[in-house]
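The structure under discussion appears below in the form of structure tokens.
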Amino acid sequence: MENAKLIIVVPCYNEEEMLEYTTRELVEVIARLKSGGKMAEGKILYVDDGSRDSTWKLIERLSHEHVEVVGLKLAHNVGHQNALWAGLEWAAEHGDVTISIDADLQDDTRAIDEMMDAYGLGADIVYGVRRERKTDSWFKRNTALFFYRLIRSMGEEVVYNHADFRLMSRRAVKALMAYPERNLFLRGMVPSIGLATASVYYDRKERMAGESKYPLSKMFALAMEGITSFSVSLLRWIYIAGFVMILLAVSAIVYSLCVYHTGHVVWGWTSLLISIWFIGGATLVSLGIIGEYIGKIYREVKRRPRYFVEKVVDGDDVKLMGRDF
Ligand code: UDP
Ligand code: MG
């Protein structure tokens, strides 16, 4: 694929501390790939996901300094998955192959070379897979492990230890863009495209600067998205829980009848109280799960746009989007 044009898509949310370094490294990667004859042209597409710091100013400056850098400014913070989608959509219009990577470069850029090799051999999708998670905290590592297991047990196809570091050919991105859903969980969507896939393995590094933009609450939200966007097995669990509860109730009735026949009638206040609480809790949990799905349906039927591009910068060329509305 010597004549291919590669676009590296980097979603950025408050990444002013990282971008200078990130650009230096990615420019190097592009030069290396070019001289190795693995592609003809490379661009770095920064998608500014409504940052509150000076990320966009920095992107504009970097775009002036490096011919490789292009910036896409989203009008509002739409979250990592939507920002990535915006970048991929642009990239599929302007290049032959895309690689998505986080701005903090925790994912080893050396894996990009291998990804391009796999692409050269005909793969449409190449997953970057973490070999181990030494640099993540014990908590993050284990919650992630639990999450992958859970999601797999629900019959969803996810690649173990793969986040959003992946190569996609234009064909694969176009296929992805045909997915109409608004609840995005790309890790689950991409494997369902099919096409020729491959994996490359790498060690994940620590974030160099800035802090994680995925606090526990966002991580939890992503995990919920992953589960409820793909399977309705949670709903099925409600039935099972309800069934178990009926069994419990039946045995409780049998038990209380036996106690009645022994003559202790007012006895049993504690167990009564406990069951009320238990059943109340179980009902609320079930309602919560149903509510989660209804919320999703609500969001899907609204068909809101995923993002809105405010500006595109490519060197001296700055386009304000939507002026012709
Ligand atoms: N990010 C984004 N929008 C958000 C949150 C994060 O575009 O609302 C970007 C962020 O700039 C980074 C990537 O998503 O490039 C992953 O975030 P981070 O590295 O903080 O996540 P972690 O590695 O801690 O899971
Ligand atoms: Mg990170």
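In the set Leu257, Leu235, which member is over 30 Å from Ala163 (Cα atoms) and out of contact with any strand residue (DSSP E or B) (no Cβ under 8 Å at 6 or more places or on another chain)? Talk me through it step by step, then tell me what you get.
Details: Leu235 fails: over 30 Å from Ala163 (Cα atoms).
Sole residue among the options that is over 30 Å from Ala163 (Cα atoms) and out of contact with any strand residue (DSSP E or B) (no Cβ under 8 Å at 6 or more places or on another chain): Leu257.
Based on what the data block shows, is Ala172 over 18 Å from the mean Cα position of the chain (by Cα) and either within 16 Å of ligand 1 (Cβ to nearest atom) or of a type in the set (Gly, Ala, Ser) (or both)? Give the steps one after another, and end with the answer.
Working: over 18 Å from the mean Cα position of the chain (by Cα): no; either within 16 Å of ligand 1 (Cβ to nearest atom) or of a type in the set (Gly, Ala, Ser) (or both): yes.
Against the criterion (over 18 Å from the mean Cα position of the chain (by Cα) and either within 16 Å of ligand 1 (Cβ to nearest atom) or of a type in the set (Gly, Ala, Ser) (or both)), Ala172 does not qualify.
When you look at Ser153, is it open to solvent by 60 Å² or more (accessible area, probe 1.4 Å) and within 12 Å of ligand 1 (Cβ to nearest atom), yes or no? Judged against the criteria, Ser153 is not a match.
Here is the figure for segment 39-55: residues that are basic (Lys, Arg) and either within 16 Å of ligand 2 (Cβ to nearest atom) or not in a loop (DSSP other than H, G, I, E, B) (or both) total 1. Restricting attention to segment 37-71, which residues are surrounded by fewer than 20 Cβ atoms within 10 Å (Cβ to Cβ) and β-branched (Val, Ile, Thr)? Answer for segment 37-71, where residues must be surrounded by fewer than 20 Cβ atoms within 10 Å (Cβ to Cβ) and β-branched (Val, Ile, Thr): just Val67. Exactly one residue out of Gly155, Gly79, Gly95, Gly122 is at negative phi and either within 16 Å of ligand 2 (Cβ to nearest atom) or touching a residue at least 40 places away in the same chain (Cβ under 8 Å) (or both): that is Gly95.
Scanning segment 172-217 for residues that are outside any loop (DSSP other than H, G, I, E, B) and surrounded by fewer than 16 Cβ atoms within 10 Å (Cβ to Cβ) turns up Lys174, Met177, Ser192, Tyr201, Leu216, Ser217.
Is it true that Ala163 is without any contact (Cβ under 8 Å) to a residue 60 or more places away in the chain, out of contact with any Pro (no Cβ under 8 Å at 6 or more places or on another chain), of a type in the set (Gly, Ala, Ser) and within 16 Å of ligand 2 (Cβ to nearest atom)? When the stated conditions are applied, Ala163 does not pass them.
For segment 74-98, which positions are open to solvent by less than 10 Å² (accessible area, probe 1.4 Å) and more than 15 Å from Lys213 (Cβ to Cβ)? First the steps, then the outcome.
To start, the set of residues in segment 74-98 that are open to solvent by less than 10 Å² (accessible area, probe 1.4 Å) comprises 74, 83-88, 91-92, 95, 97-98.
Across segment 74-98, the qualifying residues are Trp85, Ala86, Gly87, Leu88, Ala91, Ala92, Gly95, Val97, Thr98.
All of (1) open to solvent by 30 Å² or more (accessible area, probe 1.4 Å); (2) part of a helix (DSSP H, G or I); (3) touching a residue at least 40 places away in the same chain (Cβ under 8 Å); (4) farther than 25 Å from Val200 by Cα hold for Glu114 with one exception: (4).
Take segment 9-26 and flag every residue that is assigned to a helix (DSSP H, G or I) and open to solvent by less than 30 Å² (accessible area, probe 1.4 Å). Working first, answer last.
Narrowing segment 9-26 to residues assigned to a helix (DSSP H, G or I): 19-26.
Matches in segment 9-26: Leu19, Thr22, Thr23, Leu26.
Scanning segment 101-110 for residues that are touching a helix residue (DSSP H, G or I) at 6+ places or on another chain (Cβ under 9 Å) and either within 9 Å of ligand 1 (Cβ to nearest atom) or open to solvent by less than 40 Å² (accessible area, probe 1.4 Å) (or both) returns Ile101, Asp102, Ala103, Asp104, Leu105, Thr109. The set of residues from segment 26-55 being within 14 Å of ligand 1 (Cβ to nearest atom) and in contact (Cβ under 8 Å) with a residue 60 or more places away in the chain comprises just one member, Leu26. Any residue in segment 28-36 that is away from ligand 2 (no atom under 16 Å from the Cβ), surrounded by fewer than 19 Cβ atoms within 10 Å (Cβ to Cβ) and at positive phi? Scanning segment 28-36, I find no residue that is away from ligand 2 (no atom under 16 Å from the Cβ), surrounded by fewer than 19 Cβ atoms within 10 Å (Cβ to Cβ) and at positive phi, so the answer is no. Remark: pairs (first residue in segment 195-214, near ligand 2 (Cβ under 9 Å from one of its atoms); second residue part of a strand (DSSP E or B); Cβ separation under 8 Å; 6+ apart in sequence or on different chains) = Arg204/Arg130. Looking across segment 301-325, just one residue is over 22 Å from Ala75 (Cβ atoms) and among the acidic types (Asp, Glu), and that is Asp316.
Residues that are in a loop (DSSP other than H, G, I, E, B) and of a type in the set (D, E, K, R) were ranked within segment 56-100; the one that is farthest from ligand 1 (Cβ to nearest atom) is Asp96.
The values are calculated or read from the model by the stated rules, or taken from the named source; none is laboratory data. Note that this is a predicted model, so its numbers are computed, not measured. Note: ideal-geometry Cβ built from the backbone for every residue, glycine included; neighbour counts use all protein chains shown. We work out accessible area using only protein heavy atoms, side chains counted, and drop any ligands, DNA or RNA first. Shrake-Rupley method; radii C 1.70, N 1.55, O 1.52, S 1.80 Å.
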